[in-house]
Amino acid sequence: MLVYFLIMIGFFACNSKELSLVRNGSTTYEIKIPENANEYEVRSANELRNYIQLITGVGLTITRENNSSNNHKIFIGNTNPAQSLIMAEHEIVIKTNDKDLIITGGNSKSILYAVYTFLENYLGCRFYSPEAEMIPNIANISIPIDQDYRYLPPITTRTAHSKLYYDNTNFADKRKVTHEAFPTYVPAARVHTFHVFVPGDKYYTRHPEYYALHNGKRLPTQLCLTNLDVFEIVKDTVASLFDQFPEAEVISVSQDDNVQYCQCDQCMAINDREGTPAGSVIEFVNKIAEEFPEKMISTLAYQYTRKAPKNLKPKENVLITLCSIECDRSAPIVEKCTEFADDLVAWGKLTDNIRIWDYTTQFTNFLAPFPNIYTLQPNIQLFRDNNAKWIFEQHSHQPSELFELRSYLTAKLLWDPSIDQDSIINDFLNGYYEEAAPFIQQYITTIHDEIKKDTDFFLFLYGDPSQGFSSFLRPELLRQYDQWYEEAQRSVQDKPDIIKRVRQARLSIDYAVLEAARINDLLLAEYAAPDVDDARRILFIGSSQTWGAGARDPNETFVRRIENALNQRANEVVICINGGISALRSSHLLDLYKTQWLDLQPDVVVINLSNNDTDPALLERNIDSMIQLSQARSIRVLLVLEPNSIEKGGRGLAEKHAVLRRLARQRGVQLVDMHAYLSDRYRRGFLWWDTVHLSSFGQRLFAERLVDALAQLSADDARAF
């Protein structure tokens with residue numbers, strides 16, 4: 001836990017148990033740096049002098065260590081007194097030595113971090129953002145005489161993916177995080193690099209055997225990792241890149257961003273032995289690592305390779321980058337993403353070199369309210385406890401909800417995962433928003449309390465504000481949030497700089513309010529009064545798969561393809577209404593259907609749901625309600641078993657499909673087993689963008705099957721297609 005030391009003034013400055021660094025506008029101290037001080041030691045000394053002068057108006061002299069004087073001394077860096085201290089590489093030390101003070105660290109950067117820690121913890125400085133610092137204005141500085149503060153950060157490479165840090169490197173140093181996303185990496189080979197080493201346009205035509213044998217076909221999606229020529233090509237390319245970038249310490253040898261891995265006999269023998277497709281990847285990467293013992297070879301534990309091998313250990317110079325992209329962000333990983341937590345524990349037993357690639361924002365809507373702040377600490381603690389020494393928190397590089405707070409808090413937690421998070425948040429809000437802080441705190445507390453109540457909610461990285469409109473962004477809550485921000489603005493109306501910060505924070509609620517109006521009105525506005533009065537309308541209810549995630553453009557989604565196909569074959573106009581909303585579960589979609597979408601007066605409803613729901617019984621009740629609402633209004637229903645790639649079993653997918661089959665029989669509803677249909681056609685090409693979203697080709701196959709099903713559904717209808 002951080003301890004904030006009070007600045008001692010008045011009679012405390014005369015206390016014999018205190019070092020009086022500055023007293024009543026004068027000082028008996030000077031700053032000492034090594035005779036051969038490096039740039040970080042010089043910079044550290046200058047920063048300390050500058051901030052002490054800002055605080056007290058007193059400027060301390062900086063001298064080299066060999067220049068003797070009668071002054072007391074503040075030793076910065078690897079000075080003679082510091083050399084007697086035993087320190088770990090990343091450790092910082094703030095220590096009194098009689099009347100002198102030593103501020104140092106185990107490496108050059110740690111010396112600078114030690115100075116900033118001293119300024120924050122002992123002198124009361126705050127570095128909230130590049131433009132917002134809080135510097136005390138006092139006459140005296142004293143610290144206890146018996147100080148021996150040491151701290152070794154458990155996470156040694158800390159990255160908060162924020163332009164506040166990348167564009168302001170001095171501020172990044174104050175917050176003790178990296179200046180870039182991939183420090184010390186070869187620039188041309190940071191992630192998803194198989195195609196970099198063995199490009200398909202160069203080798204595939206002449207050497208298809210270099211690439212993945214997937215469902216009986218050689219595809220340039222991944223590499224065949226047991227092919228000896230592939231190993232030689234990758235090894236030579238890695239060597240060339242290290243020659244080109246000699247200062248680089250790390251290169252990524254990692255799978256490309258798809259799940260079409262090699263299933264040849266040799267690769268599968270390794271995977272079967274290790275119980276995971278990561279087996280062939282680690283065996284290959286280990287061989288590359290043996291060729292470059294002085295460098296670090298990074299690879300991914302991501303999607304199909306996230307599960308750790310049974311026995312195969314990564315080499316000491318292999319860095320495992322474990323990615324949490326699938327996780328629900330509404331609660332800590334140990335509560336709502338147990339499979340990832342289990343995988344992390346398993347990797348932690350195999351290696352001490354783990355780099356976490358974590359995700360903390362909504363990539364599809366950076367400004368959207370995203371109540372995950374209270375998951376940051378338990379997640380980082382989980383990573384720390386399982387040998388993660390390098391953490392990359394992929395926040396929004398661009399401004400997002402409470403951008404400055406999130407950037408600040410993430411960096412604080414990466415430096416010390418055990419801090420009192422609430423006190424850090426309160427300190428930031430009071431310092432950054434001043435009188436507006438209580439209102440913004442009310443917003444933060446309430447929105448997190450609301451999502452905590454909704455235990456069925458899945459807070460998705462690729463979601464949409466609309467997923468919260470029946471939960472933590474309900475209309476009455478949006479009005480309350482907006483009112484708090486209105487009060488926050490009024491509380492600082494005479495402070496232009498602070499009111500600007502409040503308005504920026506308010507943008508997320510403004511965005512949600514506008515998005516609610518858009519979502520609530522869009523389908524009604526577009527489809528309530530069709531140009532053709534007798535047009536047949538088909539409403540598709542689903543989540544991101546139905547919306548069309550994975551298609552190259554909107555015209556290639558299965559909903560659009562179905563509309564085009566039906567209009568070409570029918571004697572009437574068919575309008576397909578896409579009610580797919582990313583990340584929503586059946587509860588939220590049922591609410592939308594009851595309160596709004598029934599007003600669209602569809603003739604047919606196609607329900608494509610399974611993936612996002614975790615409770616099969618609740619899924620069954622919700623879809624049963626949709627069916628009964630439809631049948632009561634003579635709306636025909638087509639139930640679809642939402643498909644997954646065969647590489648992904650889905651969370652209880654078989655059980656959810658079973659209850660939907662039973663429901664279809666009970667209610668006399670036609671059902672299409674799209675999961676089986678697409679699984680049977682898996683060898684026809686590149687069907688899946690990822691394990692749950694279809695490629696454009698997959699969308700085409702999906703559409704072809706549903707067009708036939710819809711034609712059959714209406715074969716006995718008086719208004720046949």
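The values are calculated or read from the model by the stated rules, or taken from the named source; none is laboratory data. Keep in mind the model is a prediction, meaning the values are calculated, not measured. Here the Cβ is made from the backbone with ideal geometry for all residues, glycine too, and neighbour counts use every protein chain on show.
Hey, does the stretch 165-184 have a residue that's farther than 23 Å from Glu247 by Cα, assigned by TED's automatic domain parsing to the domain that holds Ala269, in contact with a Pro (Cβ under 6 Å, 6 or more places away or on another chain) and not acidic (Asp, Glu)? Even if it seems obvious, please write down each step before you answer.
So in the stretch 165-184, the residues farther than 23 Å from Glu247 by Cα come out as 171, 174-175.
Now restrict to residues that are assigned by TED's automatic domain parsing to the domain that holds Ala269: none.
No, the stretch 165-184 contains no residue that is farther than 23 Å from Glu247 by Cα, assigned by TED's automatic domain parsing to the domain that holds Ala269, in contact with a Pro (Cβ under 6 Å, 6 or more places away or on another chain) and not acidic (Asp, Glu).
Looking only at residues in the stretch 255-285 that are buried (at least 18 other Cβ atoms within 10 Å of the Cβ) and free of Cβ contacts under 8 Å to residues at least 40 places away in the same chain, the one that is nearest to Val198 (Cα to Cα) is Val285. Any residue at all in the stretch 55-74 that's surrounded by fewer than 20 Cβ atoms within 10 Å (Cβ to Cβ), over 20 Å from Thr169 (Cα atoms), at pLDDT 95 or above and among the hydroxyl-bearing types (Ser, Thr, Tyr)? Yes: the stretch 55-74 contains one or more residues that are surrounded by fewer than 20 Cβ atoms within 10 Å (Cβ to Cβ), over 20 Å from Thr169 (Cα atoms), at pLDDT 95 or above and among the hydroxyl-bearing types (Ser, Thr, Tyr). Just checking, does the stretch 571-578 include any residue being assigned to a helix (DSSP H, G or I) and either loosely packed, with under 14 Cβ neighbours inside 10 Å or modelled with pLDDT of 90 or more (or both)? No: zero hits. Looking for something in contact with an Asp or Glu (Cβ under 8 Å, 6 or more places away or on another chain) and aromatic (Phe, Trp, Tyr) - is there at least one such residue anywhere in the stretch 390-406? Checking the stretch 390-406: at least one residue is in contact with an Asp or Glu (Cβ under 8 Å, 6 or more places away or on another chain) and aromatic (Phe, Trp, Tyr).
When the stretch 623-637 is filtered for residues that are charged (D, E, K, R) and surrounded by 15 or more Cβ atoms within 10 Å (Cβ to Cβ), the ones remaining, listed by number, are Asp624, Arg636.
Among the candidates His214, His192, which residue alone is in contact (Cβ under 8 Å) with a residue 24 or more places away in the chain, surrounded by 15 or more Cβ atoms within 10 Å (Cβ to Cβ), out of contact with any helix residue (DSSP H, G or I) (no Cβ under 9 Å at 6 or more places or on another chain) and closer than 24 Å to Trp688 by Cβ? Let's see the steps before the verdict.
Numbers: His214 fails: out of contact with any helix residue (DSSP H, G or I) (no Cβ under 9 Å at 6 or more places or on another chain).
When all the criteria are applied, what remains is His192.
Does Ile373 count as touching a residue at least 24 places away in the same chain (Cβ under 8 Å), within 15 Å of the chain's Cα centre (by Cα) and buried (at least 23 other Cβ atoms within 10 Å of the Cβ)? No: the conditions fail for Ile373. Among all positions in the stretch 440-453, there is no residue which is touching a His at 6+ places or on another chain (Cβ under 7 Å) and modelled with pLDDT of 95 or more.
A single entry from Val669, Val659, Val707 fulfils the requirement of being under 23 Å from Arg636 (Cα atoms), touching a residue at least 60 places away in the same chain (Cβ under 8 Å), crowded, with 17+ Cβ neighbours inside 10 Å and outside the structural domain of Val259 (by TED's automatic domain parsing): Val707. Applying the set (1) within 23 Å of Ala658 (Cα to Cα); (2) in a helix (DSSP H, G or I); (3) more than 28 Å from the chain's Cα centre (by Cα) to Lys594 leaves exactly one unmet item: (1). Taking residues in the stretch 410-438 that are within 28 Å of Arg490 (Cα to Cα) and in the same structural domain as Ala505 (by TED's automatic domain parsing), and partners anywhere that are in a helix (DSSP H, G or I) and acidic (Asp, Glu), not one pair has Cβ atoms closer than 7 Å while being at least 6 places apart or on different chains.
I'd like to verify a number: residues in the stretch 413-425 that are under 20 Å from Thr117 (Cβ atoms) and part of a helix (DSSP H, G or I), how many? Reasoning before the result, please.
The initial filter retains those residues of the stretch 413-425 that are under 20 Å from Thr117 (Cβ atoms), namely 413-421, 423-425.
Checking the rest, the ones that are also part of a helix (DSSP H, G or I) come to 413-415, 421, 423-425.
So the count comes out to 7.
Filtering the stretch 88-97 to residues that are out of contact with any Ser or Thr (no Cβ under 6 Å at 6 or more places or on another chain), buried (at least 17 other Cβ atoms within 10 Å of the Cβ) and over 18 Å from Asp146 (Cα atoms) leaves only Glu91. On the stretch given as the stretch 129-150, residues that are among the hydroxyl-bearing types (Ser, Thr, Tyr) and farther than 29 Å from Ala88 by Cβ total 2.
Does Leu429 qualify as being in contact with a strand residue (DSSP E or B) (Cβ under 8 Å, 6 or more places away or on another chain) and closer than 22 Å to Leu376 by Cβ?
Working: in contact with a strand residue (DSSP E or B) (Cβ under 8 Å, 6 or more places away or on another chain): no; closer than 22 Å to Leu376 by Cβ: yes.
It is false that Leu429 is in contact with a strand residue (DSSP E or B) (Cβ under 8 Å, 6 or more places away or on another chain) and closer than 22 Å to Leu376 by Cβ.
Residues of the stretch 248-269 that are touching a Pro at 6+ places or on another chain (Cβ under 6 Å) and β-branched (Val, Ile, Thr): none at all. Taking the criterion of being small (Gly, Ala, Ser), at negative phi and surrounded by fewer than 20 Cβ atoms within 10 Å (Cβ to Cβ), the only residue of the stretch 107-128 that qualifies is Ser108. There is at least one residue in the stretch 638-651 that is buried (at least 18 other Cβ atoms within 10 Å of the Cβ), touching a strand residue (DSSP E or B) at 6+ places or on another chain (Cβ under 6 Å) and part of a loop (DSSP other than H, G, I, E, B). Just a yes or no: is a residue in the stretch 525-535 modelled with pLDDT under 90, part of a helix (DSSP H, G or I) and of a type outside the set (D, E, K, R)? Yes, the stretch 525-535 contains at least one residue that is modelled with pLDDT under 90, part of a helix (DSSP H, G or I) and of a type outside the set (D, E, K, R).
The residues of the stretch 157-179 that are assigned to a loop (DSSP other than H, G, I, E, B), surrounded by 16 or more Cβ atoms within 10 Å (Cβ to Cβ) and not small (Gly, Ala, Ser), listed by number, are His161, Asn168, Arg175, Lys176, Val177, Thr178.
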